[in-house]
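Sharing a structure below in structure tokens format, with a few things to ask.
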Amino acid sequence: MKILMVDDAPDLLDQLRRELNRQKYDVDTAADGEAALDKLFDNSYDLVLLDIMLPKIDGLAVLKELRRAKIQTPVLMLSARGAVEEKIKGLDYGADDYLAKPFAMAELMARIRSLLRRGGEQGDAVLVIRGITLDTKTREVRQKDRRVELTPKEFSILEFLLYNKNRAVSRFTLAEHVWGDEFDPFTMSNFIDVHIKNLRRKLGDADAKTIIRTIRGIGFIIEETPQ
Amino acid sequence: MKIRNKITLWITGAGVLASLVFSIIIFEEMKEQPFRLIDGELETMAQVMVRLVQSAPMQSTNSAGDDLPFDGQRYWIKIYDQRMQAVYQSRLCRYADLPLYNKGKGYTVRTSVAKEQVDLDQDAQSEVTFRVKTLRFQKQGAAYIVQIGKPIEKLDEEILDLIQGIAAGLAAATVLLIGISYVIAGKILKPISTINRLAKDINDQTLNRRIPLGKNHDEIFRLSESLNRMFDRLQEAFDRRKQFIADASHELKSPITMLLLSLEEAVQRPDLPDGLRQQLIRQTDILRRMSRLVKNLLDLSALELQETISTDGFDLAKLVRSILEDYEDVFTARKIEVAGDIPPKLLMRGDPEKLQRMLINLVDNAVKYNHEGGSIRINASGKDRDIELSLSNTGSGIPPEDLAHVFEKFYRVEKSRSPQFGGAGLGLTIVKRIVELHGGRIRIKSEPDGWTQIDIVFPGLS
């Protein structure tokens with residue numbers, strides 16, 4: 001899996017590169033719009049992380065150029081401008097998703113994995129871990145052969161934890177993801193535990209708490225191998 | 001007063017004044033006209049008399065006037081000699097005595113005379129007006145004066161007729177002037193109302209539009225030019241501020257993103273001493289609050305810069321219900337009872353994204369400042385063409401001295417600014433700005449340890 005990251009902040013590129021490498025992605029970077037277009041026309045990528053505010057050619061222009069050249073690589077727009085108008089414009093220009101800065105790494109990873117699954121060859125929309133299968137398309141959850149009925153919020157939390165397997169996710173990040181950033185995550189993060197409790201109960205994990213583990217002071221984690 | 005009416009008034013006033021001056025001059029001329037005619041006639045008669053006297057021997061006579069070669073009956077004629085003795089008197093002299101003034105021009109005398117003698121239509125029984133003229137002449141070295149008078153009709157009535165005529169003319173002219181000047185004022189002001197319409201159409205979305213300049217380099221042209229220059233400056237300031245917000249967003253949010261990502265990463269490290277981990281977690285929390293504040297502040301700046309909103313139709317009732325649904329866990333966990341009256345469907349025109357933000361901020365406050373086991377009431381309705389929305393919650397209430405300030409930036413009733421209540425005091429400022437953008441009004445009232453109620457009205461958006 002090869003990802004191109006375009007951003008004019010080298011520190012941020014370094015940081016993201018380290019994390020993505022850890023997740024076994026190949027990462028290439030570009031610091032401005034011109035370099036980004038050069039790389040996009042020369043190489044083939046599975047995903048582009050594209051900031052809107054770029055030197056030389058801005059992100060929206062890069063995206064337009066890309067789509068005009070019939071290059072259909074999935075694009076995740078990143079922007080410091082949170083305005084809804086920007087988001088709509090980006091999606092109109094052919095971006096596949098949009099993420100406002102600042103974002104949590106867990107949120108970025110979930111978006112990247114979701115986009116790679118959607119666009120990738122695997123065509124595999126099913127997340128599997130320790131006997132739990134979650135179909136991101138049909139929104140169906142099964143444990144062994146038993147169907148588990150979840151509320152939309154419970155589904156959203158489980159999906160997010162699965163996208164971030166082996167990584168502890170904070171209540172704050174979960175709240176931001178589940179409710180969206182228009183809601184105050186400080187209010188909402190107090191109510192994540194309610195859903196975690198219900199989720200554990202439905203997964204038969206209420207007492208043991210081994211599937212969804214609590215990491216004190218940080219949040220929750222689902223690991224591939226039981227601890 | 002409207003300028004159109006003012007111009008109409010000024011033109012009419014000037015026109016009436018000019019007509020009045022003209023009328024007075026005409027009136028003065030006309031008033032003298034009959035006298036000048038009679039004076040001319042009397043002059044001619046006097047000269048006829050002089051010629052008669054010159055060609056005949058002069059003797060003291062009282063004549064009935066029959067001897068004269070003109071209708072002598074109708075004239076009052078006296079001729080005086082050097083000793084001021086009347087040497088000739090016509091018949092009329094018997095009934096009236098006219099004083100002799102030594103004037104070059106004619107003069108008017110009123111005197112009593114039996115009416116039938118004068119044979120005139122004057123209605124006054126005994127008062128007859130005479131116009132008199134005198135003429136000096138010489139005969140055989142002796143000086144004589146001929147005084148000749150003629151009874152005239154009462155000229156007062158004629159003058160009254162004249163005044164009436166002039167007044168009627170003036171009135172007609174005034175009416176005409178008002179009509180014409182109203183039309184003229186409209187013509188003068190038309191370019192101004194065009195400019196007004198064009199200027200009104202220029203808002204934050206159409207700031208690049210300009211007023212088209214006409215072909216004539218007249219005052220309107222210069223006004224349009226000045227306005228366009230003002231719009232240039234406005235657009236420049238507007239663009240600069242917009243750019244500032246974009247730059248500030250980028251410059252503030254990029255380092256926050258980096259810090260947040262590295263803090264998250266650090267916290268996850270297994271080899272971290274527990275104390276340090278707790279410290280980093282607290283720092284992450286502070287950073288998240290700061291990030292939230294930056295977001296709200298920049299959003300508010302963008303909202304303040306904005307003037308227009310989309311006016312798509314959407315279902316407000318549905319939006320309210322979905323937000324209440326999102327808060328369901330919160331309500332349940334805090335045992336807050338929610339009730340209210342929301343119609344199944346409530347269509348309104350506006351920007352649903354912004355109104356969602358407004359509703360979230362309001363509901364969030366209603367939860368935050370509520371006590372456990374409290375209540376929230378939410379009502380929405382469409383009355384006539386207005387949308388009315390009211391949201392109230394129980395809680396400790398807002399002290400009266402704070403109530404007037406709750407919509408101000410960074411204002412917090414909770415003076416300790418304790419992070420327990422989250423926000424930095426921008427929530428209600430954002431709410432108010434969104435209401436204003438929709439042309440609405442917002443009001444808040446609160447009773448201590450009772451209900452705090454926010455009422456919002458969006459006129460004409462139903």
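The values are calculated or read from the model by the stated rules, or taken from the named source; none is laboratory data. Note that this is a predicted model, so its numbers are computed, not measured. Here the Cβ is made from the backbone with ideal geometry for all residues, glycine too, and neighbour counts use every protein chain on show.
Anything in region A:29-50 that is over 21 Å from A:Arg118 (Cα atoms) and either touching a Lys or Arg at 6+ places or on another chain (Cβ under 9 Å) or touching a residue at least 24 places away in the same chain (Cβ under 8 Å) (or both)? List them, or say none.
A:Thr29, A:Ala30, A:Ala31, A:Asp32, A:Gly33, A:Glu34, A:Ala35, A:Ala36, A:Leu37, A:Lys39, A:Phe41
Just need a number here: residues in region B:375-392 that are more than 46 Å from the chain's Cα centre (by Cα) and touching a residue at least 40 places away in the same chain (Cβ under 8 Å).
So the answer is 1.
Mind listing just one residue for me: the one in region A:51-81 that is part of a loop (DSSP other than H, G, I, E, B) and within 14 Å of chain B (Cβ to nearest Cβ) and, of those, surrounded by the fewest Cβ atoms within 10 Å (Cβ to Cβ)?
Taking region A:51-81 as the starting set, the residues that turn out to be part of a loop (DSSP other than H, G, I, E, B) are A:52-58, A:69-74, A:80-81.
Those still in the list that are within 14 Å of chain B (Cβ to nearest Cβ) too: A:52-55, A:58, A:80-81.
Values: A:Ile52: 25, A:Met53: 22, A:Leu54: 22, A:Pro55: 11, A:Asp58: 16, A:Ala80: 25, A:Arg81: 21.
Taking the candidates together, the pick is A:Pro55.
Here's something else I'd like to know. Looking only at region B:347-365, how many residues end up being without any contact (Cβ under 8 Å) to a residue 60 or more places away in the chain and of a type in the set (A, V, I, L, M)?
Looking only at that region, the number is 3.
OK, next. Considering only region B:324-378, how many residues are out of contact with any Ser or Thr (no Cβ under 8 Å at 6 or more places or on another chain), among the β-branched types (Val, Ile, Thr) and within 14 Å of chain A (Cβ to nearest Cβ)?
3
Ok, one more. Return yes or no: is B:Ile184 in contact with a helix residue (DSSP H, G or I) (Cβ under 7 Å, 6 or more places away or on another chain), more than 30 Å from B:Asp232 (Cα to Cα) and either surrounded by 13 or more Cβ atoms within 10 Å (Cβ to Cβ) or among the basic types (Lys, Arg) (or both)?
Against the criterion (in contact with a helix residue (DSSP H, G or I) (Cβ under 7 Å, 6 or more places away or on another chain), more than 30 Å from B:Asp232 (Cα to Cα) and either surrounded by 13 or more Cβ atoms within 10 Å (Cβ to Cβ) or among the basic types (Lys, Arg) (or both)), B:Ile184 qualifies.
Could I ask something else about it? If B:Arg241 passes every condition in (1) farther than 30 Å from B:Ile342 by Cα; (2) outside any helix (DSSP H, G or I); (3) within 45 Å of the chain's Cα centre (by Cα) but one, which one does it miss?
The one condition B:Arg241 does not meet is (2).
Cβ-Cβ below 6 Å, separation at least six or inter-chain, first residue in region B:247-274 and more than 8 Å from every other protein chain (Cβ to nearest Cβ), second hydroxyl-bearing (Ser, Thr, Tyr) and not in a loop (DSSP other than H, G, I, E, B): which pairs?
B:Leu263/B:Thr284
State the number of residues belonging to region A:33-50 that are within 14 Å of another protein chain (Cβ to nearest Cβ) and farther than 27 Å from A:Ala104 by Cβ.
0
Right, another one. Which ranges mark the strands (runs of 3 or more DSSP E) fully within region B:292-405 that have 1 or more residues being at positive phi and surrounded by fewer than 21 Cβ atoms within 10 Å (Cβ to Cβ)?
Numbers: elements: B:312-315, B:337-341, B:347-350, B:375-383, B:386-393.
Counting at least 1 such residues, we get B:337-341.
So which residues in region A:142-191 are closer than 15 Å to B:Lys295 by Cβ, at pLDDT 90 or above and of a type in the set (Asp, Glu), if there are any at all?
A:Glu176
Here is a further query. Can you tell me which residue among A:Asp26, A:Asp32, A:Asp8, A:Asp46 is under 18 Å from the mean Cα position of the chain (by Cα), under 23 Å from A:Gly90 (Cα atoms) and surrounded by fewer than 20 Cβ atoms within 10 Å (Cβ to Cβ)?
Residue meeting the stated conditions: A:Asp46.
For the list (1) within 11 Å of another protein chain (Cβ to nearest Cβ); (2) assigned to a helix (DSSP H, G or I), I need the number of the one condition that B:Phe231 fails.
(1)
Given the criteria over 24 Å from B:Asp39 (Cβ atoms), of a type in the set (Lys, Arg) and not in a helix (DSSP H, G or I), does B:Lys150 qualify?
When the stated conditions are applied, B:Lys150 does not pass them.
Please give the number of the condition B:Thr174 fails out of (1) closer than 30 Å to B:Ala14 by Cα; (2) without any contact (Cβ under 8 Å) to a residue 12 or more places away in the chain.
All conditions pass for B:Thr174, except number (2).
Filter region A:82-105 down to the residues that are closer than 14 Å to A:Val6 by Cβ and either assigned to a loop (DSSP other than H, G, I, E, B) or among the basic types (Lys, Arg) (or both) and list them by number.
A:Ala95, A:Lys101
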